[in-house]
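The values are calculated or read from the model by the stated rules, or taken from the named source; none is laboratory data. Just so you know, these numbers come straight off a predicted model, no measurement behind them. We place every Cβ from the backbone using ideal geometry, glycine too, and count neighbours over all the protein chains shown. Ligands, DNA and RNA are stripped out before the accessible areas are found, and what is left, the full protein with its side chains, is counted by its heavy atoms. Shrake-Rupley method; radii C 1.70, N 1.55, O 1.52, S 1.80 Å.
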Amino acid sequence: MKQAGKTSGAGGVAGVQAVLERVYPGARAQLKRRMLAGALACFNVHGIEPTTIEMILASGDASVGNLYHHFGSKEGLVAALFFCALQDQAALVDEELAKAHTLQEGVAAMVYSYVDWVSAQPELARFMFQARSSVSKGPHAAELQQRNRQRAKLVMAWMSEPGRQGRFKDWPAELMLSIIIGAAENYSRAWLSGRVKAAPTQYREMLAEAAWLSLKA
């Protein structure tokens, strides 16, 4: 399975801007995109908690009024950036899953899309890992739970379609996605922190095979 061209590409500022423009397109969202990009840079350098509103405003060349108008609070901005990354990542999963026909291909599609996105968007991926706990415990926790449930429902519906070639072990459905993505996520964390050098895409086939061997009946 080839890497998807829509999301893969150079990381860094250009990659972040491409994601922001996909999720928040148009000239009217320009200030919003600039504030999110500035905040991302601050969060990845200083951490989410130590980053102040003043830092975010200076980095995004915005006012307090702009921040509260678009996001309501610093927590709202963190959640908006997290959901932006989550939406872009999910779009790549959907794109790759649509090309798959068997259960094995579906597992590979999810692993490939995950490591492809992380490798293409390291700044956003790094932010997502540090922001997940904050969002899940903050005022936008219910929205995150709803999004996660909806994503899991869509994926499991794809896997449960009649006629899919292949068979999974009779394990709880809520465990499946963790097993599929678990090793890829763990390696991605190690790569983003600098503990390993090879990008996750270098091991995409092996990670996909490991996920399939763990689940196939």
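Results, tabulated for the structure shown:
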{"quantity": "Single residue of LYS153, LYS169, LYS197 found to be among the charged types (D, E, K, R) and either modelled with pLDDT of 95 or more or surrounded by 14 or more Cβ atoms within 10 Å (Cβ to Cβ) (or both)", "calculated": "LYS197"}
{"quantity": "Tally of residues being closer than 17 Å to ALA108 by Cα and either of a type in the set (A, V, I, L, M) or touching a strand residue (DSSP E or B) at 6+ places or on another chain (Cβ under 6 Å) (or both) across segment 142-174", "calculated": "6"}
{"quantity": "Pick from segment 172-186, criterion open to solvent by less than 40 Å² (accessible area, probe 1.4 Å) and at pLDDT 95 or above, ranking: farthest from ALA79 (Cα to Cα)", "calculated": "ILE180"}
{"quantity": "In segment 114-139, the residues that are farther than 18 Å from PHE83 by Cβ and not aliphatic (A, V, I, L, M)", "calculated": "ASP116, SER119, PRO122"}
{"quantity": "Tally, over segment 119-146, of residues that are among the polar types (S, T, N, Q) and in contact with a Gly (Cβ under 6 Å, 6 or more places away or on another chain)", "calculated": "1"}
{"quantity": "Cβ pairs under 7 Å, 6+ apart, first in segment 140-166 and closer than 24 Å to PHE82 by Cβ, second surrounded by fewer than 16 Cβ atoms within 10 Å (Cβ to Cβ) and small (Gly, Ala, Ser)", "calculated": "LEU144/SER136; MET156/ALA173"}
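Residues checked against (1) in contact (Cβ under 8 Å) with a residue 60 or more places away in the chain; (2) surrounded by fewer than 22 Cβ atoms within 10 Å (Cβ to Cβ):
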position	(1), (2)
HIS69	no, yes
LEU77	no, no
ALA80	no, yes
LYS99	yes, yes
LEU103	yes, yes
VAL111	yes, no
PRO122	yes, yes
ALA125	yes, no
